[in-house]
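Engineer: Below you will find the structure I want to go over with you.
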């Protein structure tokens, strides 16, 4: 079998023009599919940035909340009610809201403000400069040093600006796992200061962060909170909810889906047609080999090998190229929302296998049908 | 029949019938043909276009199933074999030289010749070494690394012959071997086959209309309208 596959390999790669066309088709398709799905994954990841960065096991919220940025404030008694549920180790409040900052040069900048529980500072970011206890000093805020950080004039410890006519003093610079989707810098402060500085409606409690006593307690907690008229989600469930919103309610998912399908069709068209031409050109020789004594399945193995080999090389090139582009783009634009995930890689791989399968199926049908007698008959 | 009388039977065809299509579209290509061919002889099948000679040769070589009749090669009724056994029969017993050669243009001459050996599961390196030996037989050893498109028509024909003999077949089938060659080259090729490829353990059957090469035949079977119209001694037997 090795020998016949080597013949198949040489037939394929020695036909440089067609081999190149096949590779271009598959590489292009994989490149586009991976770019699209990676951008989508990046957007979804960034849309859940606060959930990831805060790191709470469970989030309590109004059932109408669609994304972490669109919180619906809850009354304070909900916090007490949640704390009283059996199975809750602890529960803390979280403020999440937007504000307008006036910089030293007089320009304004939108920011996201996260107010952490004053007592525990649960969900605090990892500081790269400053001390966490300084958050309790007057007007103290911690700024996240991410790709949006320069929009605040790259503040240092001690830098001051205005937030809703309140003085803000930067007391720390922090690092987070993921920066947000909307290109807005993030400030951390205490819950009390956040609700004091930012005008609020009647209720101020954006989320309640819950640590269950055990994983087994989660369903019971969720049931009890549902009875209160609110919703408790694990961090994975919350991220899934946010993803579903962007995927199904914004048109983003549909666009990405369509683009992925179009990429697939483009790849299939180029590769399928080229592979079909390749088979047609060699059909009489395949017939001759069959006349000489090759079994039908040996010819099928040859074609499947050629299709699989091309698909794998094209897949590698496509993934490599798209990953390189994403890497270079992130070097230039650190907030570039694209993320290559195993799921994307698997999806592109499956799509490529389908392309190879359909292309080779056409070839296999032709080769199986060719009768050695046709070679004699001309 | 001087040659035939002293030689072992290679092929025995009995009452071969082959038709294509059904109903009004039915065309009978071969009508009850019976003949014998022997080891050590070069048998020509001659006749006008559409006389059924290629169809007959295809049934003899195990690539086209007859509607009735039988073909016995070396005492074995080949049309009682399964498809896989038939493929093995063609690989081990029959060598084909096609009219248009059907060499893979993207493979080297050596790789083309090695194909039957590779199909016989001979290792790659050994197959390449043996391919060189067969190319030497046809005088093309020094062309082994070239692709067929870089060779002349006569050289390509010789590569096709090397490929056909690579599996050491007992029965060699040539389909119009001189059709794509000029007169001199055609004659030289057939002369070469007669003197270097034919031996007492091999039977060569050639479909041709080219009377310039009749002198090399032991016997010439004339076909017309799907039937044998005569069996004559060739130039070699006269």
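FYI, it's all coordinate maths here, none of it is from the lab. Just so we're clear, the structure is a prediction, and the values are computed from it rather than from any experiment. Neighbour counts run over all protein chains shown; Cβ positions are idealised from the backbone, glycine included.
Engineer: Based on the Cβ-Cβ distance from residue B:92 to residue A:277, what FRET efficiency comes out when R0 is 30 Å, to the nearest 0.05?
Structural biologist: 0.35
Engineer: Related question: Calculate the spin-label point distance for residue B:211 paired with residue A:177, positioning each point 7 Å from the Cα along the beta-carbon direction, and give it in nanometres.
Structural biologist: 9.2
Engineer: A further question on this structure: Between residue A:308 and residue A:119, what length comes free when the chain is fully extended (0.36 nm per residue of separation minus the Cα-Cα distance, one decimal in nm)?
Structural biologist: Value of the extension gain: 62.1 nm.
Engineer: Also: Please work out the Cα center distance from the range A:326-378 to the range A:180-215, rounded to the nearest Å.
Structural biologist: Computed from Cα coordinates, the inter-centre distance equals 46 Å.
Engineer: Relative contact order for chain A: what is it in percent, counting Cα pairs under 8 Å that are at least 6 residues apart?
Structural biologist: Relative contact order for chain A comes out at 30 percent.
Engineer: Could you compute the FRET efficiency for residue A:228 and residue A:136, with r as their C-beta to C-beta distance and R0 at 41 Å, rounded to 0.05?
Structural biologist: According to the calculation, E is roughly 0.85.
Engineer: Pick from B:75, B:50, B:23 the residue whose mean-square fluctuation is largest in a GNM of chain B, springs joining Cα atoms under 10 Å.
Structural biologist: Answer for the Gaussian network model of chain B: B:23.
Engineer: Shifting gears a bit: If you stretched the chain out fully between residue A:13 and residue A:103, how much longer would it get, using 0.36 nm times the residue separation minus the C-alpha to C-alpha distance?
Structural biologist: Answer, rounded to one decimal: 26.2 nm.
Engineer: I've got another one for you. How much length, in nm to one decimal, is gained on full extension between residue A:257 and residue A:236, taken as 0.36 nm per residue of separation minus their Cα-Cα distance?
Structural biologist: 5.3 nm
Engineer: What per residue convex hull volume, in Å³, do the alpha-carbon atoms of the range A:276-374 yield?
Structural biologist: Expressed per residue, the convex hull around the Cα atoms of the range A:276-374 is 93 Å³.
Engineer: Along Cα→Cβ, 7 Å out, is where each label goes; now give me the distance between the ones at residue A:129 and residue A:57 in nm to one decimal.
Structural biologist: With each label placed 7 Å out from Cα toward Cβ, I get 3.6 nm.
Engineer: Something else: GNM, chain A, Cα, under 10 Å: largest mean-square fluctuation among A:87, A:293, A:158?
Structural biologist: A:293
Engineer: Return P(r) of chain A (all Cα-Cα pairs; 20 Å bins starting at 0; whole %; ordered from short to long distances).
Structural biologist: Final binned percentages: 24, 38, 23, 13, 2.
Engineer: If you take the beta carbon distance between residue A:354 and residue B:149 as r and set R0 to 45 Å, what does 1/(1 + (r/R0)^6) give as a FRET efficiency, to the nearest 0.05?
Structural biologist: 0.80
Engineer: Something else about it: Using alpha-carbon positions, what is the distance between the centroids of the range A:3-19 and the range A:254-288, in Å?
Structural biologist: Here the two parts' Cα centres lie 17 Å apart.
Engineer: How high is the relative contact order of chain B, in percent, counting Cα pairs under 8 Å that sit 6 or more residues apart?
Structural biologist: On the way: 495 pairs, mean separation 65.8, N = 238.
Result for chain B is 28 percent.
Engineer: At q = 0.18, 0.21 Å⁻¹, what is the log10 ratio I(q)/I(0) for the range A:190-301, with the Debye formula run over Cα points and no solvent?
Structural biologist: Values, matching the q order: -1.07, -1.15.
Engineer: Roughly how far apart, in whole Å, are the Cα centres of the range A:75-154 and the range B:99-173?
Structural biologist: So the two Cα centres are separated by 78 Å.
Engineer: Select from B:157, B:85, B:99 the residue whose mean-square fluctuation is largest in a Gaussian network model of chain B (Cα-Cα springs shorter than 10 Å).
Structural biologist: B:85
Engineer: What is the angle, in °, between the Cα long axis of helix A:218-227 and the longest principal axis of the Cα atoms in chain A? Nearest 10 is fine, range 0 to 90.
Structural biologist: Roughly 60 degrees, rounded to the nearest 10.
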